[in-house]
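*Asks:* Okay, handing you the structure first.
The values are calculated or read from the model by the stated rules, or taken from the named source; none is laboratory data. Just so it is clear, the structure is predicted and the values come from calculations on it, not from any experiment. Cβ coordinates were reconstructed from backbone atoms using ideal geometry, including for glycine residues, and neighbour counts include every protein chain displayed. For accessibility, only protein heavy atoms count, side chains too; no ligands or nucleic acids. Shrake-Rupley method; radii C 1.70, N 1.55, O 1.52, S 1.80 Å.
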Amino acid sequence: MSGSERSSPRRPRVAPAPLDAARLEELALAYVARFATSAGRLTTYCRRKLRERGHAGREDGVPPPDVAALVARFVDKGFVDDAGFARAKSDGLLRRGYGARRIGEALRADGIAEPLRTELAPGEAARREAAAAYARRRRFGPFAREPLDRADRAAQEKQLAALLRAGHDSAHARLVLAAASPGELDDWIDEAREEEDRDP
C-alpha cells in the first residue's frame, strides 16, 4: 500500500464562524498586539474581517459590530496611537533614504490625517540627508564604484528617475547626482542643519 493510500482522508475545511462584537474585538486586540498600526489601518482590517466572515445575527436583523466605535475605544485606551505610528514610520522611511513625497503617500495610505502628515513632514536637513542616504544605498552619484560617464544620458536619467520615484524633489535629486564627492553632500546637509539651528 502506498503512502498516499495509507494517509487519512482530508477533512473538509470548515468556514470560520461569523463575527459578533466580542469576537471582532478579540481579533482587533490580537492585531494591535502583533503589529504597530494606525486607526485607519485597524479600521480597514476590521472591515475586511467582517466582509470575509459576515456578522452573527445578520439573518435576525442585528446590525453589524460598530467598527468606528471599536477603533475609537482602542485609541482612547492607547492601544492605537496615530502620532507615534506615523512618527516611527516616517523616521524609518527617512533612514532608508525615502523622500518627503513618498513618506506622505505612505502615511496617507495608512489613514494618517493630513494635519498630522503636515506636522511630521521632514525639514530641509532631513530631506537632504534622506536623498544622500538613498544615493549611498543605490551607489549613485559620488557613491558609485566607478564614476558615471557624463555622456551617458540614459544612465543619468535612470538614476534621476529612481530618486524621483523614491519621493525626492527634482532639485535635490539633481544636486545629489552632480556632487563631486560624499564630502560635498555632507557640506550641503550641514548647511541646512545650521540654517535650521539659526531659525528653529
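*Asks:* Quick check on region 176-188. Is at least one of its residues free of Cβ contacts under 8 Å to residues at least 12 places away in the same chain and not acidic (Asp, Glu)?
*Replies:* Yes, the conditions are met somewhere in region 176-188.
*Asks:* Conditions: (1) of a type in the set (A, V, I, L, M); (2) modelled with pLDDT under 95; (3) in a loop (DSSP other than H, G, I, E, B). Ala154 meets all but one. Number of the miss?
*Replies:* Failing condition for Ala154: (3).
*Asks:* Which one is least open to solvent (accessible area, probe 1.4 Å) among residues in region 142-155 that are free of Cβ contacts under 8 Å to residues at least 40 places away in the same chain and not aliphatic (A, V, I, L, M)?
*Replies:* Phe143
*Asks:* For region 71-140, which helices (runs of 4 or more DSSP H) that fit wholly inside it have 2 or more residues that are more than 13 Å from the chain's Cα centre (by Cα) and surrounded by 16 or more Cβ atoms within 10 Å (Cβ to Cβ)?
*Replies:* Counting at least 2 such residues, we get 124-138.
*Asks:* How many of the residues making up region 17-32 are of a type in the set (Asp, Glu), surrounded by 14 or more Cβ atoms within 10 Å (Cβ to Cβ) and assigned to a helix (DSSP H, G or I)?
*Replies:* Summing the residues that are of a type in the set (Asp, Glu), surrounded by 14 or more Cβ atoms within 10 Å (Cβ to Cβ) and assigned to a helix (DSSP H, G or I) in region 17-32 gives 1.
*Asks:* Any idea which residue in region 156-181 is farthest from Ala132 (Cα to Cα), counting only those that are loosely packed, with under 14 Cβ neighbours inside 10 Å and over 26 Å from the mean Cα position of the chain (by Cα)?
*Replies:* Glu157
*Asks:* Within region 38-70, which residues are modelled with pLDDT under 95, assigned to a helix (DSSP H, G or I) and open to solvent by 90 Å² or more (accessible area, probe 1.4 Å)?
*Replies:* Arg51, Glu52, Arg58, Glu59, Asp60
*Asks:* Cβ contacts < 6 Å: first residue closer than 30 Å to Arg87 by Cα, restricted to region 18-39; second residue exposed (fewer than 14 other Cβ atoms within 10 Å of the Cβ), any location; separation 6+ or different chain. Result?
*Replies:* Listed pairs, sorted by first residue: none to list.
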